[in-house]
Amino acid sequence: MSLFDLNGRVAIITGGNGGIGLGMAMGLASSGASIAIVGRNSEKNKTASKKLAATGVNVIAIEKDVTNDSAGTEVATEVQNKFGRIDILINNAGSNIRKRPEDLSLDEFRWVQDTNLTSAFVFSQAMYPHFKKAGGGKIINIGSMYSLFGGPVSTAYSVSKGGIVQMTKSMAAAWGTDNIQVNAVLPGWIDTELTRTAREQIDGLYEKQLARIPDGRWGTPEDHAGIAVFLSSNASNYITGTAIPVDGGFSISG
Ligand code: NDP
C-alpha cells in the first residue's frame, strides 16, 4: 500500500460542501477514500456530492447543523451504517461574527464557539468508538491564523480557533495509544465565501493581507488537498498534536 493511499478508508468532512472543506474532500477522494460531507444547505450538498462522485469514489451528503448536540452521534451512525467503518474526521465547519468585544452579545459569542469549537469536540467524541473499532483513526481540526493572533473584531473567532489547537493537543495526548492521530491545520488567507464576506465588511482587507504573504497570492481551497491527504494517510502515522499552517508563509512574515 502506498504511503498516501486511502482506498478502503472512510472520511467525514464537516462543512465539506464548499470552500476549504470541499478542497480537502477532493484531495481525499483523489486518493480513493469514501466521503461523507456534512452541511446545512441541501443545494450546496448536492452540487458538492456530484463533483466528488465524478472522481469515482462513494459519496454521501448529510444535511445537518453541527451545532445540534446530537449531530455527531447521528452522523457517526449514518456513516457507519452506510460504509461499515469510519477512519477520518475533518472538523472544518466554521463561521464568524466580526464585532469588537464591547459590541458582541453573549449569544453571538456562544454561537461562534458552538459552531467552530464545541462541534469539533462533539464530533471527535462521537467518532472515538468507531475509530477504536477500526484499529485507529485520524482527526484533522481546522484552526486559523487567529489560533495564533488576535484582532480587534475577532474575539469570538480567536477564542474558538485558539481552543481548536489546545483541544488538538489534548486529544492527541489522550488517544495516541489507540492509534488515533489528531492534528490541526491553520489556513492563512483563503479565497472562500467566508472571506468574501470579510472583504465586504473590512475595507482594503484583500490588499493589506496580500502584502504580507511571501508567496504573493491568497490561498485557494485546492491548496488544502495535499495536507488533508498527508494527515489522513499512513504517511503521518507518527505525527500527532501539531498545528500546521497552510498560509503561503503569512505566519512567518513580519
Ligand atoms: P465557507 O463559508 O466557504 O465554508 C464553511 C462551511 O461550513 C460550509 O460548507 C458550511 O456549509 C459549513 N457550516 C458552517 N456552519 C455550519 C453548521 N452550523 N453546520 C453544518 N455546517 C456548517 O468557509 P471556509 O471554507 O473559508 O471555512 C472553512 C473552515 O476554515 C472554517 O472553520 C474557517 O473558520 C476556517 N478558516 C478559513 C479561512 C479562510 O481564509 N477562508 C482562514 C482560516 C480558517 P452550510 O452553509 O451548508 O452549512
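Brief remarks follow.
- Count of residues meeting criterion [part of a helix (DSSP H, G or I) and either acidic (Asp, Glu) or free of Cβ contacts under 8 Å to residues at least 12 places away in the same chain (or both)] in region 220-248: 2
- Members of region 64-118 found to be under 24 Å from Arg196 (Cα atoms), under 18 Å from the mean Cα position of the chain (by Cα) and part of a strand (DSSP E or B), listed by number: Ile90, Asn91
- Top-ranked residue of region 100-122 - restricted to ones that are within 16 Å of the ligand (Cβ to nearest atom) and more than 24 Å from Ile140 (Cα to Cα), ranked as surrounded by the most Cβ atoms within 10 Å (Cβ to Cβ): Glu108
- Lys82 being in contact with a Ser or Thr (Cβ under 9 Å, 6 or more places away or on another chain), away from the ligand (no atom under 16 Å from the Cβ) and not aromatic (Phe, Trp, Tyr): yes
- Qualifying position, being hydroxyl-bearing (Ser, Thr, Tyr) and within 11 Å of the ligand (Cβ to nearest atom), among Thr77, Thr73, Thr67: Thr67
- Of all residues in region 1-36, those satisfying the criterion of being within 11 Å of the chain's Cα centre (by Cα) and in a strand (DSSP E or B) are Ile12, Ile13, Thr14.
- Region 181-194 - residue that is in contact (Cβ under 8 Å) with a residue 60 or more places away in the chain and in a strand (DSSP E or B) and, of those, farthest from the ligand (Cβ to nearest atom): Asn183
- Among the residues of region 36-48, those identified as within 12 Å of the ligand (Cβ to nearest atom) and buried (at least 19 other Cβ atoms within 10 Å of the Cβ) are Ile37, Val38, Gly39, Lys44, Asn45, Ala48.
Read-outs: derived from the displayed coordinates by stated rules, not from any lab. Since we're looking at a predicted model, the values are computed, not measured. In this analysis, Cβ positions are derived from the backbone assuming ideal geometry, glycine residues included, and neighbour counts consider all displayed protein chains.
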